[in-house]
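The values are calculated or read from the model by the stated rules, or taken from the named source; none is laboratory data. In this text the structure is predicted, and so the values were computed from the model without any measurement. Glycine gets a Cβ as well: all are built from the backbone with ideal geometry, and neighbour counts include every protein chain shown. Ligands, DNA and RNA are stripped out before the accessible areas are found, and what is left, the full protein with its side chains, is counted by its heavy atoms. Shrake-Rupley method; radii C 1.70, N 1.55, O 1.52, S 1.80 Å.
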Amino acid sequence: REDQHIWHELGPDEVWRRYAAAWCRACESPLAFDVMAHPDLAQRFCAEGLAATIDLRPLWDEMAACAHDTGRRIEISSAGIRKGVGDYYPAAGLLERFCRAGVPITFSSDAHVARDICSGVAEAQRHAYEIGYRTFDAPRADGSWETVAL
C-alpha cells in the first residue's frame, strides 16, 4: 500500500506492462528455483480503482511463454480468494494460458499465519481441473517433484 503512488504516477496500464516484464525477467533468472508465483498480483488493486484499461491477454501470453520456455512451474495461490480479490493468483484467464502453454502447476495458500495454512487449496485444485489441468506437481523432501493426478 505504501507504493500506491507508483500506480498514480505511472497509471495501471504501465504498472501492468512493467510488472509483466519484470516477472518474465525473473523467470529467466539463472538462480536455482522451480516455481514462479503471483503472475498477476497487480489485480489486487482493481477494487481500488486501479484496474488496467489495456487488453492484458498479450502480456499474459508472453508470461505463459516465458514460464514454459524457462521450465518454471506456476503456483496457484488461494490467497486471492481469501483476501477478497475474487479470483485465484493467477486469475482464470491467465491460468488458462499457462495450461495451454503446458506450464506445470503447484498449489499454495500463501499463508502468513498458521490458520491460513492449506486454506482453500482443495477448492483451488478443483478450479485448476475446471481450467483444464489434470495433474499438479508436489515437492518432495529431497527437493525433487512428484506429479500427482488432480
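Quick notes on this structure:
- Given (1) open to solvent by 70 Å² or more (accessible area, probe 1.4 Å); (2) at pLDDT below 95, number of the condition Pro12 does not satisfy: (1)
- Residue within the stretch 128-144 that is part of a loop (DSSP other than H, G, I, E, B), of a type in the set (A, V, I, L, M, F, W, C) and under 30 Å from His8 (Cα atoms) present: no
- Of all positions in the stretch 109-127, none carries a residue that is modelled with pLDDT of 90 or more and under 26 Å from Glu28 (Cβ atoms).
- For the stretch 97-150, filtering for residues that are within 15 Å of Arg82 (Cβ to Cβ) and not β-branched (Val, Ile, Thr) leaves 16.
- All positions within the stretch 40-52 that are open to solvent by 40 Å² or more (accessible area, probe 1.4 Å), out of contact with any Phe, Trp or Tyr (no Cβ under 7 Å at 6 or more places or on another chain) and in a helix (DSSP H, G or I): Arg44, Cys46, Ala47, Glu48
- The stretch 64-82: number of residues that are part of a helix (DSSP H, G or I) and not hydroxyl-bearing (Ser, Thr, Tyr): 10
- Residue match in the stretch 55-71 (condition: at pLDDT below 85, within 23 Å of Ile6 (Cβ to Cβ), open to solvent by 30 Å² or more (accessible area, probe 1.4 Å) and not hydroxyl-bearing (Ser, Thr, Tyr)): no
- Single unsatisfied condition, Asp61 versus (1) more than 28 Å from Val148 (Cβ to Cβ); (2) in a helix (DSSP H, G or I); (3) acidic (Asp, Glu): (1)
- Looking only at the stretch 101-124, and only at residues there that are of a type in the set (Ser, Thr, Tyr) and under 16 Å from the mean Cα position of the chain (by Cα), the one that is farthest from Trp60 (Cα to Cα): Ser109
Table: residues versus (1) among the acidic types (Asp, Glu); (2) open to solvent by 40 Å² or more (accessible area, probe 1.4 Å); (3) within 12 Å of Tyr89 (Cβ to Cβ); (4) in a helix (DSSP H, G or I).
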site	(1), (2), (3), (4)
Ile6	no, yes, no, yes
Arg18	no, yes, no, yes
Arg25	no, yes, no, yes
Ser29	no, no, no, no
Phe33	no, yes, no, no
His38	no, yes, yes, no
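- Residue match in the stretch 83-91 (condition: aromatic (Phe, Trp, Tyr), in a loop (DSSP other than H, G, I, E, B) and under 14 Å from the mean Cα position of the chain (by Cα)): yes
- Cβ separations smaller than 6 Å between residues 6+ apart or across chains give no pair from the stretch 95-107 residues that are farther than 20 Å from Gln43 by Cβ and assigned to a helix (DSSP H, G or I) to residues that are open to solvent by 30 Å² or more (accessible area, probe 1.4 Å) and at pLDDT 95 or above.
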